[in-house]
Each structure stands twice: as structure tokens, then as C-alpha cells.
Amino acid sequence: MSQLHDLYYFLSPTPLAAEMAKRLLQRLQGPCGAGRGEPMSLDRLHITLHYLGRFLNSIPREVIDLALAAGSAMDYEPFGVRLDVLQSRGGFEKGTFGTVELAPQAGAARELRGFQHALGNTMRRLGFAETQIRSHFHPHMTLHYKHERIDPMVVAPVAWTVTQFALVDSLYGLSRHDVLAHWTLKARQQVFLDW
């Protein structure tokens, strides 16, 4: 049987941030509507940085090697993410469903955009095709894929410090993400202790 594999670079929230995101969606589903299917499981919550392509049955070794090289070439310090707008995408027609996602307020994702852009430049330098480098980045974390449309609302922030990013094989239709590699972001600034 054939299996589709989607290859991504992801950021994942910390366990505490993922739990806060889940609580937001649980509160939403009471008064504001319902969804078909289940919300995203905590271990699958993420922000997609770059989509590297879809492959039938397996990802070619040369693609994985190039992705591993780009991830290893990144030299970036930890940075903060703050998502505080709950919104929908799609589901415009009555009786249809779209996604519910958490996003940053306008202009509030400079560090996240900087990291995504730096990763794209590294990919470009190592030989990725332009089609694999995301040029339009709208940072968000999807909480539910089939939910009634909601009006955008500012909510208590789901925030965390990003200390790593990952290369992920998403097995299409199986709700499964296999982490192929992850890289730690390292602070370069020294911390001085009192003598």
C-alpha cells in the first residue's frame, strides 16, 4: 500500500505551552461552536517553518541529507514566540469547516520571522530549490483542522522560548509525525555571575 510522506522543518511548543493551547481550544468549543473530528494532539502541535515536499513511499536519501546539512549549518540563538490571536482559516460557507489556529498579533513575530528567514537563506546556500523555501510566512499553530469558523479574538498568550527546531516526516493521513533530527539553539552571550 502506498504512503505519502511530507517533509517539514517544525518548531514545537514546550509541553506547558501546548497544554495552554489545548485549554484555549477546550474553552472555545463550549460557547463558540464545535468541530468535526478531534483537535490536534499535544505532541503534534507545531509551527511550520518550511515545507520541503511530498514523496511517495519514502523520502529520497539525498533530500534527507540536504535537509540535515541545512539544519546542522544553522547557528542561531534561542528566541521567544508569543501567540495570542485565536482565529479561523477557511470555513466561509455555512455548514463548512475550516481550521482554528493561534497566531501572533500583527508585527509581533519579528524574531520568529527572522529565524524562518535565516533558515531559508541557509537552505538556499546549500542548494535547495526555491520551491522548497517558503517565501510567504504567516506564522501560526493549528489547533483544529475541522472546526466551525470563529471571529478573530485576542486571548491570553501562549508563549515559550524556542530552544530547538526539528526535521519532521509527516505521514499523510495517519496523524503521525516522525522526528528525523532536531537541533538545539545555543545562546552565545555569556552570563556573568556575581563574584
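The values are calculated or read from the model by the stated rules, or taken from the named source; none is laboratory data. The shown structure was predicted, so the numbers you read here are calculated from the model rather than taken from an experiment. Using ideal geometry, Cβ is built from the backbone for each residue, glycine included, and neighbour counts are taken over all protein chains shown. Ligands, DNA and RNA are excluded from the accessible area calculation, which covers all protein heavy atoms including side chains. Shrake-Rupley method; radii C 1.70, N 1.55, O 1.52, S 1.80 Å.
Every test in (1) open to solvent by 40 Å² or more (accessible area, probe 1.4 Å); (2) in contact with a Leu (Cβ under 8 Å, 6 or more places away or on another chain); (3) of a type outside the set (S, T, N, Q) is passed by Leu42 save one, and that test is (2). In this structure, is Ala106 in a loop (DSSP other than H, G, I, E, B) and of a type in the set (A, V, I, L, M, F, W, C)? Judged against the criteria, Ala106 is a match.
Counting just the residues of region 123-177 that are among the aliphatic types (A, V, I, L, M) and open to solvent by 80 Å² or more (accessible area, probe 1.4 Å), which one comes out nearest to Thr14 (Cα to Cα)?
To start, the set of residues in region 123-177 that are among the aliphatic types (A, V, I, L, M) comprises 123, 126, 129, 133, 141, 143, 150, 153-156, 158-159, 162, 166-168, 171, 174.
After this cut, where a residue has to be open to solvent by 80 Å² or more (accessible area, probe 1.4 Å) as well, the list is 154, 174.
Details: Val154: 21, Leu174: 23 Å.
It comes out as Val154.
Quick test for you: out of Pro31, Pro13, Pro39, pick the one residue that is part of a loop (DSSP other than H, G, I, E, B), modelled with pLDDT under 95 and touching a helix residue (DSSP H, G or I) at 6+ places or on another chain (Cβ under 8 Å). Step by step, each of Pro31, Pro13, Pro39 is checked, and only Pro39 is part of a loop (DSSP other than H, G, I, E, B), modelled with pLDDT under 95 and touching a helix residue (DSSP H, G or I) at 6+ places or on another chain (Cβ under 8 Å).
Just one of the numbered conditions (1) surrounded by 19 or more Cβ atoms within 10 Å (Cβ to Cβ); (2) modelled with pLDDT of 90 or more is not true of Glu111: (1). Look at (1) open to solvent by 50 Å² or more (accessible area, probe 1.4 Å); (2) over 19 Å from Ala21 (Cβ atoms); (3) modelled with pLDDT under 95 and you find that Gly91 fails only one, number (1). The residues of region 178-188 that are surrounded by 12 or more Cβ atoms within 10 Å (Cβ to Cβ) and in a loop (DSSP other than H, G, I, E, B) amount to a single one, Leu185.
Each residue in region 61-84 was checked for being within 18 Å of the chain's Cα centre (by Cα), open to solvent by 20 Å² or more (accessible area, probe 1.4 Å) and more than 20 Å from Thr184 (Cβ to Cβ), and 1 pass. Looking only at region 140-182, count how many residues are within 15 Å of the chain's Cα centre (by Cα) and not small (Gly, Ala, Ser). Counting residues in region 140-182 that are within 15 Å of the chain's Cα centre (by Cα) and not small (Gly, Ala, Ser) gives 21. Considering only residues of region 172-182 that are in contact with a strand residue (DSSP E or B) (Cβ under 6 Å, 6 or more places away or on another chain) and of a type outside the set (Asp, Glu), which is nearest to Phe79 (Cα to Cα)? Per the stated criteria, the residue is His182.
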